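Worksheet for the structure shown next.
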Amino acid sequence: MASGNPQQPGQPLDWPALLERQRLLACELSGQEDPGEVQGVLEARAAELAVPPPEPRSGRYLDCLEFVLSGERYALELRYLIQTLPLTDFTPLFCTPPFVLGLTILRGRIISIIDLRRFFELPLVGLADLNRVMVVGNGAMEVGILADSIVGVGSVPVAELQPAPAAFTGLREEFLSGVTAERLAVLDLGKILADRRIVVHEEVG
Amino acid sequence: MLGNLKIRSRLIAGFAVVVLFLILVGGISLRNLMAQGDLMTRFFEHPFVVTASIQEVQEQIVRIHRSMKDVVLYGSDRSELAIALKDIDNSEQIVYRELAVAKERFLGDKAKMDRIKVLMDQWRPVRERTVDLVRQGKLEEAARFHKEFARHLVSNIDSEVEGVLQYSKNKAKNFMEQSQSSQRSTLALTGILICLAALLAAAIAYVITRSILGPLKEAVEAADRLALGDLSVEIGSSCDNEIGQLLRSMGTMVASWRRMGENANRIALGDLNLEVVPNSERDVFGIAMRNMVLSLKRLAASADRIAAGDLTVELEPASDKDQLGHSFAAMSRNLRELSQEIREVVGVLAASAGEIMTTVSELASSSAETASSVSETNATVQEVRQTTDLTSQKSRQVYESASNSVQVAKNGQFSVEEAIGGMRGIDERMGFIAERIVNLSEQSQAIAEIIATVNDLAEQSNLLAVNAAIEAAKAGEHGKGFAVVAQEVKNLATQSKQATAQVRGILGVIQKATSAAVLATEQGSKAVENGLRQSGAAGEAIRQLAAAIEESSNATLQIVTSTQEQAIGMDQIAIAVQSINQASGQNLEGSRQIEAAARNLYELNQKLQQLVSRYTLA
């Protein structure tokens, strides 16, 4: 690479070395890998795979999906989760509260998308990706929740859950199951879905 | 015969003879003219008048005859008859009158005239008878009567008249021939006489002229010889006339001139001991000769004194135009001045001769010095010759090195042109590199797009993995293995994402590097342009250098030739100096001779002084 060995002006160019480097690069790009390097990569992978399996879990665990919203980590239980999908297209809906972003279609079903930040009345700070939608439901209704990004699936021991700290106020405190030691806020999605405030019923004259 | 006659008498006699002859000729001519006139008168009185009268008679007879015919034809008419009778009467009267005239003049037989008259008388009663018959009305009888008598009568009358007329015409012809013969004889006679007169006049003129011109020609020849100065001519004449007198005077004159010529000859030979006596008081030549002798004697005396060395003599010229006197006076004056000047010049010459002697001595010593100097110059010229050889050698070397320099400069120019070509190649390659780098940049852009796609795929894989995990969790215990797989998939997706981030970073670095490379190639291209310009300048400089070297090479060549010429010139100088050396030796010899000559000059001057002192000037 040019940045790897910058040519000092005034010095004669070491053409043979340059050509050798170019030849090596060409070899690499055409798939003829250096045997030593290949060996190194294989060994690294073997070392990675050689990690001993985690100890069997004891007690009660909540299977959760961890996601990030406004720079904070949240989690929700997998039993309410139907599917995650990227927010590709949505239709804004008029005469709805601000937390309803709009409607989208999932396999022929119309799903409303809710912005939890507005629902929890959090301050809208910084730019957000908001390009992930987690479709949740409790059998009665289905709703899409916006997330900045989705971290992954994990398990949270129920015993480790602590009550919400003082910083969580209002609706957030109300719909929170608990907070882990890693400051992962686990949302009580059953309560949210059962809440009347999420149901929009407005008529405009 | 004529010799002793005076010229005037001769001329008078000759002219008198010619005039007498002319009078004779005139008389004869006049007589002939009178004879001619008589002949003409007779001619008029006789044949001419008779012919005219007879012709009139004939005409009138014809008229009478015609009138009678009228009477016979128109006799019934009284008025016609009267007119015709009147005409007949008139004609008859005219006939009788004319017959009378003709009879008087007729030269031939006068009986013919009487016969005509008788016939006319016979015709008259016939006519009267006819008229009476007509008056009586017997016209036919009258016509018959007229036919019987009148016709016969009239033809008789006609034949008679015709005979008279013929005779008169013959007579006129005779007269004409007579007149012509007389005229011819007169012309011949007159011509002969005129010719004779002319011959006589010519003979007289010749004789007189000859008698005058003979002695005159002699005198003219003598005068011509005298005019040419020939005094040996003898002139004399025994004749008594004017020319004889002229010739005798000329003889006297010649004798006088001869005497004078002898005197002049003696004077010309320088004999002044002669006494010239003039012939008379008015003898201009004699007096002039005497004066001339006196003047010459005076001059001779003066010349004698001058010859004796006495230059004090003063001569008065005889007149303003006395050329010899003036010349003599001027000569004596000039001789005085000349002697004076010669005396002064001789003094000066004496001093100059002394100076020349000293100068010549100095000249001899300086010639010796010149000889030694010339020897030194000769040595110097040899040295300069060697120096010139050295210069020639060196300039040849310089010329060779300049030629080499020209070759080197040409090589340099060629190299610069090659360098310019190479630079152009570099410029092209620089452009090629820049283009390639930009291509690479574009390809890394494609890679970035691919990477974006891969990132998207990784995102989707991640999401799929999450969904798979969700499904696995829903499956409970049965989904455990699937959850592990989903976790692996998720890990791979995460790694892919990280890898794409790395690739993007690397692409950014590549982009910066390519930009730097493009900039560097651009700078390289500019540097090559600069190099081209500088190479061009260097090429121009080398070209000028080559031209300058070539010029200096040419100059050196000229120097070489010049030094060669110089060497030749030095050789010539050496030869010339050699010649000068010899010449200075000769000079030395010559100056010694000059010294001897100067001594001789001095001695000559001494003699000259003695000679000049013999002339007295005052």
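The values are calculated or read from the model by the stated rules, or taken from the named source; none is laboratory data. Note that this is a predicted model, so its numbers are computed, not measured. Positions of Cβ are generated from backbone atoms using ideal geometry, with glycine treated the same way; all protein chains shown enter the neighbour counts. What goes into the accessible areas is simple: the full protein's heavy atoms, side chains included, and nothing from ligands, DNA or RNA. Shrake-Rupley method; radii C 1.70, N 1.55, O 1.52, S 1.80 Å.
The condition of being closer than 30 Å to B:Glu369 by Cα, loosely packed, with under 15 Cβ neighbours inside 10 Å and out of contact with any Phe, Trp or Tyr (no Cβ under 6 Å at 6 or more places or on another chain) holds for only one of B:Ile573, B:Ile568, that being B:Ile568.
Condition check for B:Gly425 on (1) open to solvent by 30 Å² or more (accessible area, probe 1.4 Å); (2) of a type outside the set (A, V, I, L, M, F, W, C); (3) away from chain A (no Cβ under 14 Å): one failure, at (1). Entry remark, the stretch B:577-608: residues being more than 21 Å from B:Leu363 (Cα to Cα) and either touching a strand residue (DSSP E or B) at 6+ places or on another chain (Cβ under 8 Å) or surrounded by 14 or more Cβ atoms within 10 Å (Cβ to Cβ) (or both) number 2 in total.
Here the condition is being in a helix (DSSP H, G or I), at pLDDT 90 or above and open to solvent by 60 Å² or more (accessible area, probe 1.4 Å); of B:Glu376, B:Glu449, it holds for B:Glu449 alone.
Whether any residue in the stretch A:49-66 is at pLDDT below 85, open to solvent by less than 40 Å² (accessible area, probe 1.4 Å), within 14 Å of chain B (Cβ to nearest Cβ) and part of a strand (DSSP E or B) is what I want to check. Yes; the residues of the stretch A:49-66 include at least one that is at pLDDT below 85, open to solvent by less than 40 Å² (accessible area, probe 1.4 Å), within 14 Å of chain B (Cβ to nearest Cβ) and part of a strand (DSSP E or B).
Looking only at the stretch A:74-108, how many residues end up being part of a strand (DSSP E or B) and in contact (Cβ under 8 Å) with a residue 40 or more places away in the chain? Matching residues across the stretch A:74-108 total 13. When the test is whether a residue is in a helix (DSSP H, G or I), more than 12 Å from chain A (Cβ to nearest Cβ), more than 22 Å from A:Leu87 (Cα to Cα) and of a type in the set (Val, Ile, Thr), B:Val484 does not pass it. Within the stretch B:497-519, if we keep just the residues that are more than 8 Å from every other protein chain (Cβ to nearest Cβ) and among the aliphatic types (A, V, I, L, M), the residue that is surrounded by the fewest Cβ atoms within 10 Å (Cβ to Cβ) turns out to be B:Leu519. Being away from chain B (no Cβ under 14 Å), of a type in the set (Ser, Thr, Tyr) and within 18 Å of A:Leu69 (Cβ to Cβ) is not true of A:Thr91. The residue pairs whose first member lies in the stretch B:372-388 and is among the basic types (Lys, Arg), whose second member is open to solvent by less than 80 Å² (accessible area, probe 1.4 Å), and whose beta carbons are closer than 6 Å, counting only pairs six or more residues apart or on different chains, are B:Arg385/B:Met570. Residue by residue through the stretch B:298-310, note down the ones that are open to solvent by less than 80 Å² (accessible area, probe 1.4 Å) and part of a helix (DSSP H, G or I). Matches in the stretch B:298-310: B:Leu299, B:Ala300, B:Ala301, B:Ser302, B:Ala303, B:Ile306. Taken over the stretch B:473-496, the criterion of being closer than 17 Å to A:Glu66 by Cα and either open to solvent by less than 50 Å² (accessible area, probe 1.4 Å) or not assigned by TED's automatic domain parsing to the domain that holds B:Ser461 (or both) is satisfied by B:Ala473, B:Ala483, B:Ala486, B:Lys490, B:Ala493.
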